[in-house]
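See structure below.
The values are calculated or read from the model by the stated rules, or taken from the named source; none is laboratory data. Remember, predicted model here, so these are calculated numbers, not experimental data. In this analysis, Cβ positions are derived from the backbone assuming ideal geometry, glycine residues included, and neighbour counts consider all displayed protein chains. Just so you know, the surface numbers come from the protein's heavy atoms only, side chains and all, with ligands and any DNA or RNA stripped out. Shrake-Rupley method; radii C 1.70, N 1.55, O 1.52, S 1.80 Å.
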Amino acid sequence: MKYNPVTEEILAELREIVGDKNVMTDEEKIEAYSHDEIPAEQYAHMPEVVLTPNTAEEIAAVMKLANRELIPVTPSGARSGLSGGAIPEHGGIVISVENMDEVVEIDYDNLMMVLEPGVITNNVNEMLEESGLFFAGYPMSVETCYLGGNIAENAGGGKAVKYGVTGRYVMGLEVVTPTGEIVQLGGKRVKDVTGYDLKQLIVGSEGTLGIVTKAIIKLLPKPTQRVGLLALFKDEATAISTVPKIMTEGRIIPTSIEFMDKLSVKTSCEYLNEHLPYQEAGAMLLIEVDGNKEDIVNADSETIGELCLDNDAIEVYVADNHTTRERIWSVRRNIAEAFKVVSPHQSLEDIVVPTANIPKLMPYLDDISEKYEIKVPCYGHAGDGNLHATLVKNPDHSMEEWFEIEEEALADLYQATKELGGTLSGEHGIGSKRKKYMEMMMSPAELNLMRGIKKAFDPNNIMNPGKIFDLE
Amino acid sequence: MDYNGVWTLGEARDGEIKEVSFELLSRGRKLADKLDEELVSLVIGDGITDQQAEELIKSGADKVLLMNAPALKDFIVENYSNVIEDLIEEYKPEIILAAATTMGRTVMPYIAIKTDAGLTADCTELDIEEDTGNLLQTRPAIGGNILATIKTPNHRPQMATVRPHSTKAAEKDESRTGEIVHLKFDSSLLDGRVKKLGFRKNEEDAVNIQDADVVAAGGKGLKKGENFALIRELAGYFEGAVGASRDAVDRDWISYPYQVGLSGKTVTPKLYFAVGISGAIQHLAGMKTSENIIAINEDPDADIFKVSDFGIVGDLFEIVPELNKQLAEEVK
Amino acid sequence: MNIVIPIKQVPETSNVKMDEETGTMKRDGVESIINPLDLYAIETGIQLKEEYGGKITVITMGPPSADKALKEAIAMGCDDGILLSGREFAGSDTWATSYALAEAIKEIEDVDLILAGERATDGDTGQVGPGIASWLDLTLSTYTSKVVDVNLIDEEVDYTTVKQDSIIVERMVEDGYEKLELPLPALLTVVKEISFPRLPTLRGKQRSRKVEIPQWNLENLDMNKEFLGLQGSPTRVVNIDHPKVTRGGTILDVREDGNVEEAVSQLIDYLKAKELV
């Protein structure tokens, strides 16, 4: 499909709709909207105009205009994404929800909150601090990401073992559809089987089916106690084999079970100058339990710790206060940063495999590492099989070599993932970055169903085109 | 209470009186004038000449109590505190000020216990309460987030350590006169238990960051230890010192003596560069009283910008080399 | 070698946000932790125990809930804990605090070494360590950055040249490091450079849960009541101010426009105007 450019006449109309000050065309300013957190420049794409509307009605009017003129529209949040989901692949209009950052309502009686999409996820929990409640849709980018993007990507993160992903907490959405209708999906109802669950279709649709302009989210009582355990194992297999036992033998669902392979641990510890006996460890698990009774949380952590030791853990460290918790989490949190020092160019993946297959993935990663002479650290959320296998550019390779290697190595990685019953993305989304691997992962029938849904929502394919899959 | 006079505890090494001793006199002079009492500088050491003692008088002292003895060449807390306690007993000073240096912060609490005196650490302001004549001592606490004013109503002497470089030494007044009292060292006061076995000076570039007029500090944003070269170069243009945030020290990019902040050193230079430092409360506690703060950081929301007089948001690896380049031209 | 380590429980302040209007810290839900600088004393003690044997007693003065800090130290590898807790200690300044701690330490048998953090991150005085040494008339090394050697009389070897137990340390001063030999018992306050604190292990935690922490106060300890708490403290806090932090300086953002040269040249102008170049 051929899209039309944003002409002066259209700009004038857009100014009419959203107001002069909410229309940006200055190249220096709109450059920021051409990329997300993927470091590689080849995924960037400039918009023609960036709008910062204030209401759903304004967005609806823009969508109607865009349909009439066949101009692509890409929704944009805080651009902390890692798949190119908010990049205007075909130029056109970017709608940034940055001005729509109001808290509409905190409903303590229903334990829900109504928010606009531009609210920073972390701020939600800061607002709730004194109420004893929290929002469990909690990606690692919590300090920067907007709620809207969080919902559009159905973000996961480090607490998904116990709390699941963002979608679980989305009760209702106000959405501007690609054709410019404003629809209310779901609501403050815990149970609802009245027709298709369209709101869950919007969750994780990466901005291809509409723009969220309001969200009703569910709140949970906030746990007051947290205990972290850092368990050192001799190898990956021993570490991973401990994970199911925590739930079967220990009968405990931890908040987080994070996995770090030897390379990740070593690089992070060296970067942090952390003096743990990491040299001996082939892998580490970082397990956290939370709750409200100190005794129970301590007992749970003890059970898990004992299980780790029974399963040949070399050592288990216990972190039950801020100082020690910070120390063990910082090993996990600084892995990406530590590799950036080795090489700023990396492909941060978030493949997901059945949990028990994690150790089986390791030899494949070793093969990829050897074949392409690159480092392939692997860490991530062991509790749900979602792993950040990361391809790190070898500083000796030229950028051209790296681009070739990245493409081939990713294909190898995804092939291995598929063989193990896994798939492309657990939490970052497909966006533009992983689109070309979709056919490798999904059957034509499945992809066609998705295309049918897309067409039903967006007959002219103007809403964030070029993402997830191609229409033809 | 028949206590009288304001004392400052001078510091000397190898017979040389240190700069902090003169700074203390500025503090002491103000208090002595308000109380209309004598300002005395006590200096203990070995080989300190009258000529040097005269300098203390020119800087505001009315009297210098000078005790020279080979046994007092080195600061050994047990010996120094015996000597000072003995003098307190004899002279009964009303106020004793020392610098909040490794010496002052060691000997003062040791003496305070023995003499039942109230002691306030690391004061930034000192004054005299109008009606009572009590010493009002103001000091930052809880990482500099509060300023507490403290007094010692019923105990004498009133003792305080004063943050070095929190005040300037007075211009020397060549016409000032005063008395130099040569005290005789009573060797029975020698404790003799602790032996000093040696001294190892810091490496060449380790300017004492608390003495420097300009400090250029680097943090986590530098990404690796080698990149401190940028900071060293920057500091070099000002003949300043290099500092670091806790993150940088914890990562072993630079050693602990360079650490600025709550668990490191407090600095109050004329000019402080914070490069790649986000400005955690702990770090701010160590530098936020600097006269001019320049911040360079990638994150526009970094707290360091709240305390900075001039900030540049951006990539430090572009900004600092450019800054060094332009400074090099200026220096030329 | 028997070691005593006085520690302090302090509010965890690294993540505390400031209320910009009042200039006060938001202290809601702030956790209490072991004073970070005390961890270096604890680690040093454990390393000395590992090499020379003996026992480590941690002691703190604080509310009953401060036993958590003692337990954490025990989980790291210390043996016993003593909690000085009672209304009579309330309002103690550094003079009264060091008195009470010194009196309690007197009750512990055969103490060879006292290790303390350089200072606490809340009060920030660094006076209690030297104060205890003064009360107990112990030799003192502050700002200790290294334990160089420990000489202990070996009673089974009569040809030993060691006449008296001693410890050789380096202490960090402004321009370098002093090397001192202190006869034991001695008190060292230590700086961060001295060690790298270990994390408590599961086994350590389990052991610490079983350890009973005795609570000491005027009821079971012979102390001069006049020297305790507010009435024993020579100093009085008469005023608390909250200084404003924000300076509102010029902030230039070069991320989008990339005009680094211009921004730096404005910075140079600023420095020139302030006569700093």
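Give me the inter-chain shielding for B:191-203: mean count of other chain Cβ atoms within 10 Å, whole number please. Intermediate results must be reported in sequence, preceding the final value.
Numbers: counts 2, 1, 9, 9, 7, 5, 8, 6, 7, 6, 3, 6, 1.
Counting other chains' Cβ atoms within 10 Å and averaging over B:191-203 gives 5.
For C:Lys71, which lysines qualify as cross-link partners when the Cα separation must be under 16 Å and same-chain residues fewer than eight apart are set aside?
Counting by Cα, and skipping residues close in sequence, C:Lys71 has these lysines nearby: C:Lys8, C:Lys55, C:Lys205, C:Lys210.
At a 1.4 Å probe radius, carbon and sulfur cover how many percent of the accessible area of chain B? Can you show the working numbers first?
On the way: 5510 of 12300 Å².
Carbon plus sulfur share of accessible area: 45 percent.
Which value, in debye to the nearest 20, gives the size of the charge dipole of chain A about its Cα centre, when Lys and Arg are +1 and Asp and Glu are -1 at the Cβ? Numbers along the way, then the final one.
Working: 42 positive and 77 negative charges, 242 e Å.
Dipole about the Cα centre, nearest 20: 1160 debye.
Checking an interface number: how much accessible area is buried between B and C, summed over both chains, with a 1.4 Å probe, in Å² rounded to 100? Before the final figure, lay out the partial values.
Values: alone 16450 and 17030 Å², together 25590 Å².
So the buried area, both faces added, is about 7900 Å².
Report the antiparallel proportion of the DSSP beta bridges in region C:2-227 as a percent, rounded to a multiple of 5. Present the calculation step by step, with values, prior to reporting the outcome.
On the way: 18 of 41 bridges.
If I count the DSSP bridges inside region C:2-227, around 45 percent turn out antiparallel.
At 4 °C and a viscosity of 1.567 mPa s, what translational diffusion coefficient does Stokes-Einstein give for chain A, taking Rh as the Kirkwood radius over Cα pairs? Give it in µm²/s as a whole number. Write out the running numbers ahead of the final one.
Numbers: Rh = 23.3 Å.
Result for D is 56 µm²/s.
Can you compute the charge dipole magnitude of the protein assembly as shown about its Cα centre, using +1 on each Lys and Arg Cβ and -1 on each Asp and Glu Cβ, nothing else charged? Give it in debye, rounded to the nearest 20.
Values: 108 positive and 183 negative charges, 385 e Å.
Its charge dipole is roughly 1840 debye.
Taking N as the number of residues in chain B, what is its alpha-carbon radius of gyration divided by 2.2 N^0.38 Å?
Rg over 2.2 N^0.38 Å, computed on Cα atoms: 1.08.
Answer rounded, prolate or oblate for region A:225-335, using the Cα gyration tensor with square roots of eigenvalues a ≥ b ≥ c: rounded when a/c is under 1.5, else prolate when a/b is larger than b/c, else oblate. Each step should come with its number before you reach the end.
Values: a/c = 2.12, a/b = 1.29, b/c = 1.65.
It comes out oblate by the Cα gyration axes.
Calculate what fraction, in whole %, of the accessible area of region A:1-122 sits on carbon and sulfur atoms when a 1.4 Å probe is rolled over the protein chains. It would help to have the intermediate numbers written out before the result.
Values: 2510 of 5350 Å².
Answer for region A:1-122: carbon and sulfur cover 47 percent of the accessible area.
Specify the angular offset, from 0 to 90 degrees and rounded to the nearest 10, of the alpha carbon long axis of helix C:38-52 from the longest principal axis of the alpha carbons in chain C.
It is inclined by approximately 40 degrees.
For region A:1-148, with every protein chain kept in place, what is the accessible area per residue (1.4 Å probe, Å²)? List each step's numbers first, then the result.
Working: 6480 Å² over 148 residues.
Value for region A:1-148: 44 Å² per residue.
Leaving out same-chain residues fewer than 8 places away, which lysines sit with a Cα under 16 Å from that of B:Lys332?
Cross-link targets: C:Lys272.
Just order C:6-13, C:43-50, B:324-331 by mean Cβ neighbour count inside 10 Å, highest at the front, would you?
C:6-13, C:43-50, B:324-331
Just checking the output field for A:259-268: average partner chain Cβ neighbours within 10 Å of each residue's Cβ? Please list the in-between numbers first.
Details: counts 0, 0, 0, 0, 0, 0, 0, 0, 0, 0.
Taking all residues of A:259-268 together, the mean is 0.
Which far-off residues, 5 or more places away or on another chain, put their amide H under 5 Å from the one on B:Ala148, with H placed in the peptide plane?
Answer set, sorted by chain and number: B:Arg139, B:Ala141, C:Asp241.
Calculate for chain B the 222 nm mean residue ellipticity that helices alone would give, adding -39,500 (n - 2.57) per DSSP H run of length 4 or more and normalising by residue count, nearest 500 deg cm²/dmol. Please list the in-between numbers first.
Working: 8 runs with 89 residues, N = 332.
Result for chain B, helices only: -8000 deg cm²/dmol.
Under a GNM of chain C (C-alpha, springs under 10 Å), which listed residue has the highest mean-square fluctuation: C:Ile153, C:Ile194, C:Ile82?
Sorting by GNM fluctuation, first place goes to C:Ile153.
Suppose R0 equals 22 Å. What FRET efficiency, 1/(1 + (r/R0)^6) with r the Cβ-Cβ distance, do B:Ala170 and B:Glu239 give to the nearest 0.05?
On the way: r = 24 Å, r/R0 = 1.09.
After rounding to 0.05, the efficiency reads 0.35.
Name the residues of region B:226-264 whose accessible area falls by at least 50 Å² when all protein chains are present instead of the chain alone, probe 1.4 Å?
Buried by 50 Å² or more upon assembly, which counts only protein chains, are B:Asp250, B:Arg251, B:Tyr256, B:Leu262.
Can you list the lysines whose alpha carbon sits under 16 Å from that of A:Lys199, skipping same-chain ones fewer than 8 residues off?
A:Lys188, A:Lys191, A:Lys214, A:Lys218, A:Lys454
Could you report region C:167-260's accessible area per residue, 1.4 Å probe, as an integer in Å²? Can you show the working numbers first?
Numbers: 4380 Å² over 94 residues.
Solvent-accessible surface per residue comes out at 47 Å².
Applying a 10 Å radius around every beta-carbon, put A:37-49, B:8-20, A:101-113 in order of their mean neighbour count, most first.
On the way: A:37-49: 17.1, B:8-20: 20.5, A:101-113: 15.0.
Listed from highest to lowest mean packing, they are B:8-20, A:37-49, A:101-113.
Below 8 Å, C-alpha to C-alpha, sequence gap of six or more: please give me the relative contact order for region A:343-427 in percent.
Values: 133 pairs, mean separation 37.4, N = 85.
Reported relative contact order: 44 percent.
What does the convex hull of the Cα atoms come to per residue for chain C, in Å³?
Details: hull volume 59.4 nm³, N = 277.
In chain C, the Cα hull volume divided by residue count equals 214 Å³.
What is the helix-to-structure angle for A:444-457, meaning the angle in degrees between its Cα long axis and the longest Cα principal axis of chain A, kept from 0 to 90 and rounded to the nearest 10?
Helix A:444-457 sits at roughly 40 degrees to that axis.
At 4 °C and 1.567 mPa s, what whole-number value in µm²/s does Stokes-Einstein give for the translational diffusion of the protein assembly as shown, with Rh from the Kirkwood sum over Cα pairs?
Rounded, D is 40 µm²/s.
Of A:Asn273, A:Ala231, A:Val289, which is farthest on the positive side of the dipole of region A:225-335, counting Cα position, with +1 on Lys and Arg Cβ, -1 on Asp and Glu Cβ, and the Cα centre as origin?
The one lying farthest along the dipole's positive direction is A:Asn273.
Positive end of the charge dipole of the protein assembly as shown (Lys, Arg +1 and Asp, Glu -1 on Cβ, about the Cα centre): tell me which of C:Ile153, B:Thr124, A:Met113 has its Cα farthest that way.
Toward the positive end, the furthest listed residue is A:Met113.
Using mean Cβ contacts within 10 Å as the protection proxy, how do A:77-87, B:292-302, A:20-30, C:260-270 order, highest first?
Details: A:77-87: 25.9, B:292-302: 20.6, A:20-30: 13.3, C:260-270: 17.7.
Descending mean neighbour count gives A:77-87, B:292-302, C:260-270, A:20-30.
Pairing the Cα long axis of helix B:104-114 with the longest principal axis of chain B, what angle in degrees results, from 0 to 90 and rounded to the nearest 10?
Computed tilt is about 40 degrees.
Toward the positive end of the charge dipole of region C:2-227, about the Cα centre and with charges on Cβ (Lys, Arg +1; Asp, Glu -1), which of C:Asn35, C:Ala75, C:Ile56 goes farthest?
Positive-end residue among those listed: C:Ala75.
Taking the Cα centre of chain C as origin, work out the dipole magnitude from +1 charges on Lys and Arg Cβ and -1 charges on Asp and Glu Cβ, in debye rounded to 20. Don't skip to the answer; put the middle values down first.
Working: 29 positive and 49 negative charges, 153 e Å.
The calculated dipole for chain C is roughly 740 debye.
Is there a simple number for the mean count of other chain Cβ atoms within 10 Å of the Cβ of residues in B:159-168, and what is it?
Numbers: counts 2, 1, 3, 0, 0, 1, 0, 0, 0, 0.
For peptide B:159-168, the averaged partner shielding equals 1.
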